[in-house]
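Structure first, commentary second.
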Amino acid sequence: MKHANKMFSAFVALLMMLLLTGQSISAPDSKGTDFWLMFNSNLGTPTLTVFITSDVNTSGTVTPQGGAPIPFVVVANVVTPVVIPGSYANHSSDVIDSKGIHVVALNEVTVYGLNYIAFTTDAYLGLPTDILGTDYVVMTYRNSNVVNGVEFGVVATQDNTTITITPSVTTGPRVAGVPYNIVMNQGQTYELQNTGAAPNDLTGTTITSDKPIGVMGAHQCANIPAGAVFCDHICEMLPPTSTWGKNFVTVPLRSRVNGDTWRIMASQNATTVTINGVPQAPINAGNFIETILTGQSVITSDKPVLVAQYSNGSSFSGNPGDPFMMICPPFEQYLAGYTLTTVSGYVAHYINIVAPNSVVGALTLDGVPVPVVEFTAIGASGFSGAQVAVAPGSHTLAATLPFGVFQYGFNDDDSYGYPGGLSLSPIAIVSGIDATPEFAINPTNTQHCVDAFVFDQNNLPVNGIRVDFEQRGANPGAGFAFSGVNGIAQYCYTGTNAGLDTIICTSGSFADTVFKRWEGALPVELTSFTSTINGTSVELRWSTSAEINNSAFDVERSSINGEWSKVGSVAGNGTTTQPKNYEFTDRNLASGKYNYRLKQIDFNGNFEYFNLSNEIEIGVPQKFDLSQNYPNPFNPSTKINFTLPVDGNIVMSVFDNSGRLVSKISEGFKTAGYYTVDFSAANLSSGVYFYKLEFNGSGQNFAKTMKMTVIK
């Protein structure tokens with residue numbers, strides 16, 4: 001039994017965790033603004049408390065169904081308790097009653113429920129309404145002929161909810177394997193309790209609905225494993241099957257010499273589970289594997305499963321302790337930061353850490369890296385595990401990649417334990433990922449982005465899924481991102497080293513690989529690339545500030561949505577630190593729209609593209625435009641191009657850096673067309689100047705200002 005005077009403080013400490021940092025805000029998780037909760041039957045009328053915490057100041061109400069709203073105020077990072085009448089945990093088996101608890105907050109909060117009776121107490125994490133589902137399989141623990149009270153509960157979030165329940169064992173009039181329907185309204189609750197002899201167990205009961213519901217797995221007082229003492233009330237609010245996973249890495253509880261009890265339950269038929277490389281006999285939906293694991297382990301499956309870790313009773317472990325149950329998330333549901341608090345009054349406190357190998361040595365506990373010697377590789381999983389003893393108090397863990405954390409502690413016939421937090425993304429429906437671009441080339445010290453599209457079996461996007469990215473090669477590194485409503489998780493990084501990167505994108509058991517080639521400093525620094533339309537010809541001009549090993553510029557043209565083709569070539573200047581100007585005329589073009597680019601080629605055959613920023617259209621101008629002067633910088637003269645789509649009056653003026661007018665280049669009436677004006681700065685000093693085109697006429701106005709530089 002857990003000592004009563006310690007459980008209250010244990011629960012308060014539990015509430016202080018899950019103020020998570022980093023990426024957790026990007027995906028569905030256990031924070032929310034609307035909750036529907038319930039409490040299950042204990043060994044009498046308990047003291048019920050809803051605990052609410054948030055990382056911001058907020059307020060709201062807790063409303064027991066049929067009762068008056070109870071207002072609450074939360075101060076950031078402080079727990080607020082709200083007491084609920086104990087009768088809300090008293091249910092008659094197989095009867096619909098009105099004992100739901102509705103929590104509403106102005107800002108996101110984390111909510112826990114405490115079901116307290118001296119020596120038989122437990123707590124659970126409340127799941128917000130927005131992540132509840134319509135498909136569940138119950139996980140709890142069997143009867144052992146000490147207290148036979150295995151049970152589950154359902155709370156409805158909407159009126160006229162039809163719920164189909166298929167019990168795993170015959171319970172009262174409900175026959176094993178035979179589905180039955182109940183109809184519930186918002187705030188109503190339902191509990192089914194089996195009091196039959198061992199090994200009766202409601203684990204594996206399937207529950208489906210036509211609207212989102214909350215489901216509880218519980219036991220009045222469970223002995224774990226069967227025959228061990230002492231018993232404890234256990235209860236968990238269960239995640240919907242859409243959030244179950246296929247990949248788990250585990251660490252045993254420290255100081256438990258005989259290992260821990262584990263259950264792995266299937267949501268689909270013919271599920272194959274592998275434990276530490278050893279395939280287990282296939283199990284069907286609702287069936288589970290129960291085993292004792294004494295060391296770090298890797299659990300995988302070919303279909304989604306739910307995994308729970310149980311602390312065994314003190315008579316089994318040979319050490320002080322008592323049963324507790326923790327849902328262990330798949331590593332796809334890990335977070336990148338946690339804040340945990342130990343429970344006062346316990347002789348030992350531990351934090352289990354499951355971390356990617358790439359962050360071992362960099363993962364911090366209270367701002368200090370956890371020593372590498374604390375970690376042991378978990379097989380070939382790519383993860384390492386640690387069992388870290390910690391002092392009483394709050395602890396913060398952080399890393400650049402998601403990792404798993406589990407807080408627990410022991411005392412005589414007493415224990416506590418809970419996962420540090422989890423994402424609740426619908427990873428069970430993911431069917432694959434597709435990363436793009438498959439291959440790209442960039443100069444070093446620029447940014448490259450990879451888009452990983454996460455899709456379901458119908459190739460539709462899946463939102464809120466974490467994708468891990470690892471770079472191998474010239475620029476090793478790693479990171480992660482969550483998919484958006486379009487199914488795309490985008491990851492960007494800057495390559496500082498020339499060479500090839502292999503970028504591995506993974507989400508659970510799905511992976512895709514793309515490649516990135518980084519090239520060193522560009523052989524040519526282009527300072528301008530402009531165009532002028534002259535009838536049916538396009539005049540291209542570009543300038544360089546320096547060149548290294550520059551053989552030539554190929555000029556390439558494409559029509560809109562067309563293929564690129566070479567239309568000419570201009571010889572380069574080899575290696576020079578002096579500015580150079582180039583030009584090329586593409587003549588006799590048909591009416592239409594075109595794009596241009598330069599393919600700069602060095603003497604080694606390497607090349608780089610430079611795109612003309614504007615689109616070329618041969619014909620009457622469709623819009624006003626003022627182009628960058630050419631050349632720029634210049635001394636003493638330059639050309640300025642502009643276009644007019646309609647007739648009207650123009651003024652072309654030049655201003656110095658203080659805004660003083662220094663010249664009017666052109667002024668008067670002009671018809672629609674393409675224009676080029678010359679400007680001489682012979683009488684001006686070096687510096688930055690601004691030229692401005694102003695137009696009015698034909699009911700239209702236009703003004704644009706550009707910058708140019710005079711160097712003498």
Hey, among the residues in the range 264-285 that are in contact (Cβ under 8 Å) with a residue 24 or more places away in the chain and crowded, with 20+ Cβ neighbours inside 10 Å, which one's farthest from G204 (Cα to Cα)?
V273
Can you find, within the range 452-469, the residue that is nearest to T506 (Cα to Cα) among those that are in contact with a Pro (Cβ under 8 Å, 6 or more places away or on another chain) and part of a strand (DSSP E or B)?
D468
Can you tell me which residues in the range 683-712 are more than 16 Å from I640 (Cα to Cα) and not polar (S, T, N, Q)?
L684, G687, G697, G699, F702, I711, K712
Residues of the range 589-611 that turn out to be farther than 25 Å from P523 by Cβ, not in a strand (DSSP E or B) and not polar (S, T, N, Q), as a count:
2
Sole residue being assigned by TED's automatic domain parsing to the domain that holds N550 and either acidic (D, E) or in contact with a strand residue (DSSP E or B) (Cβ under 6 Å, 6 or more places away or on another chain) (or both), chosen from L589, L626:
L589
Turns out the strands (runs of 3 or more DSSP E) fully within the range 612-697 with at least 2 residues that are surrounded by 15 or more Cβ atoms within 10 Å (Cβ to Cβ) and in contact with a Gly (Cβ under 6 Å, 6 or more places away or on another chain) are 687-697
For I351: the one exception among (1) surrounded by fewer than 23 Cβ atoms within 10 Å (Cβ to Cβ); (2) under 23 Å from V79 (Cβ atoms)
(1)
Of the residues P240, P252, P212, which is over 26 Å from F152 (Cα atoms) and under 32 Å from the mean Cα position of the chain (by Cα)?
P252
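Test D201 against the stated conditions and say whether it is in a loop (DSSP other than H, G, I, E, B), touching a residue at least 12 places away in the same chain (Cβ under 8 Å), of a type in the set (D, E) and in contact with a strand residue (DSSP E or B) (Cβ under 9 Å, 6 or more places away or on another chain). Explain how you work it out, then say what you get.
Details: in a loop (DSSP other than H, G, I, E, B): yes; touching a residue at least 12 places away in the same chain (Cβ under 8 Å): yes; of a type in the set (D, E): yes; in contact with a strand residue (DSSP E or B) (Cβ under 9 Å, 6 or more places away or on another chain): yes.
In short, yes.
The rows are residues; the columns are (1) under 30 Å from L365 (Cβ atoms); (2) in contact with a strand residue (DSSP E or B) (Cβ under 9 Å, 6 or more places away or on another chain); (3) at pLDDT below 95.
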| residue | (1), (2), (3) |
| --- | --- |
| F410 | yes, yes, yes |
| D414 | yes, yes, yes |
| A428 | no, yes, yes |
| S431 | no, yes, yes |
| A440 | no, yes, yes |
| A452 | no, yes, no |
| P461 | no, yes, yes |
| G464 | yes, yes, yes |
Among the residues of the range 193-206, the number that are surrounded by fewer than 22 Cβ atoms within 10 Å (Cβ to Cβ) and either of a type in the set (A, V, I, L, M, F, W, C) or modelled with pLDDT under 95 (or both) is 2
Restricting to the range 407-449, name every residue that is surrounded by fewer than 18 Cβ atoms within 10 Å (Cβ to Cβ) and part of a loop (DSSP other than H, G, I, E, B).
D412, S431, P437, E438, T444, N445
Say we look at the range 286-327 and pick out the residues that are over 30 Å from the mean Cα position of the chain (by Cα) and part of a strand (DSSP E or B); which of these is surrounded by the fewest Cβ atoms within 10 Å (Cβ to Cβ)?
I292
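Quick check on my filter: what residues within the range 173-192 are polar (S, T, N, Q), assigned to a loop (DSSP other than H, G, I, E, B) and crowded, with 20+ Cβ neighbours inside 10 Å? Let's see the steps before the verdict.
Initially, the range 173-192 is screened for residues polar (S, T, N, Q), giving 181, 185-186, 188-189.
Filter once more, so that each one left must be assigned to a loop (DSSP other than H, G, I, E, B): 185-186, 188.
Listed by number, the list holds a single entry, Q188.
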Suppose the filter is of a type in the set (A, V, I, L, M, F, W, C) and under 31 Å from the mean Cα position of the chain (by Cα); does V78 pass it?
yes
Count of residues meeting criterion [under 13 Å from K303 (Cβ atoms), at pLDDT 95 or above and either among the hydrophobic types (A, V, I, L, M, F, W, C) or assigned to a strand (DSSP E or B) (or both)] in the range 266-285:
6
Scan the range 373-397 for residues that are touching a helix residue (DSSP H, G or I) at 6+ places or on another chain (Cβ under 8 Å), of a type outside the set (S, T, N, Q) and closer than 21 Å to T506 by Cα and jot them down.
A377, G382, F383
Can you tell which of N497, N561 is outside any strand (DSSP E or B), farther than 30 Å from K707 by Cβ and not assigned by TED's automatic domain parsing to the domain that holds Y596?
N497
Can we say G535 is under 23 Å from Y675 (Cα atoms) and in contact with a Ser or Thr (Cβ under 7 Å, 6 or more places away or on another chain)?
no
Look through V570, V555 and report the one residue that is aliphatic (A, V, I, L, M), modelled with pLDDT of 90 or more and surrounded by fewer than 17 Cβ atoms within 10 Å (Cβ to Cβ).
V570
Scan the strands (runs of 3 or more DSSP E) fully inside the range 57-172 and keep the ones with 2 or more residues being surrounded by fewer than 23 Cβ atoms within 10 Å (Cβ to Cβ) and touching a Ser or Thr at 6+ places or on another chain (Cβ under 8 Å).
70-74, 80-84, 95-97, 101-116, 133-137, 161-166
Regarding V347, is this residue more than 21 Å from the chain's Cα centre (by Cα) and without any contact (Cβ under 8 Å) to a residue 60 or more places away in the chain?
no
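How many residues are at positive phi and hydroxyl-bearing (S, T, Y) when one looks only at the range 387-406? It would help to see each step written out before you state the result.
We begin by selecting, within the range 387-406, every residue at positive phi; these are 393.
This time we only want the ones that are hydroxyl-bearing (S, T, Y), so: none.
Residues flagged as at positive phi and hydroxyl-bearing (S, T, Y) within the range 387-406 amount to 0.
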Given the criteria buried (at least 24 other Cβ atoms within 10 Å of the Cβ), in contact with a strand residue (DSSP E or B) (Cβ under 8 Å, 6 or more places away or on another chain) and within 30 Å of A398 (Cβ to Cβ), does I52 qualify?
yes
Show the residue pairs meeting these rules: Cβ distance below 8 Å; 6+ apart or different chains; first residue within the range 487-502 and on the phi > 0 side of the Ramachandran plot; second residue charged (D, E, K, R) and assigned to a strand (DSSP E or B).
G499/R517
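The values are calculated or read from the model by the stated rules, or taken from the named source; none is laboratory data. On a predicted model such as this, the values are computed, not experimentally measured, just so you know. Note that each Cβ is placed from the backbone with ideal geometry, even for glycine, and that neighbours are counted across all protein chains shown.
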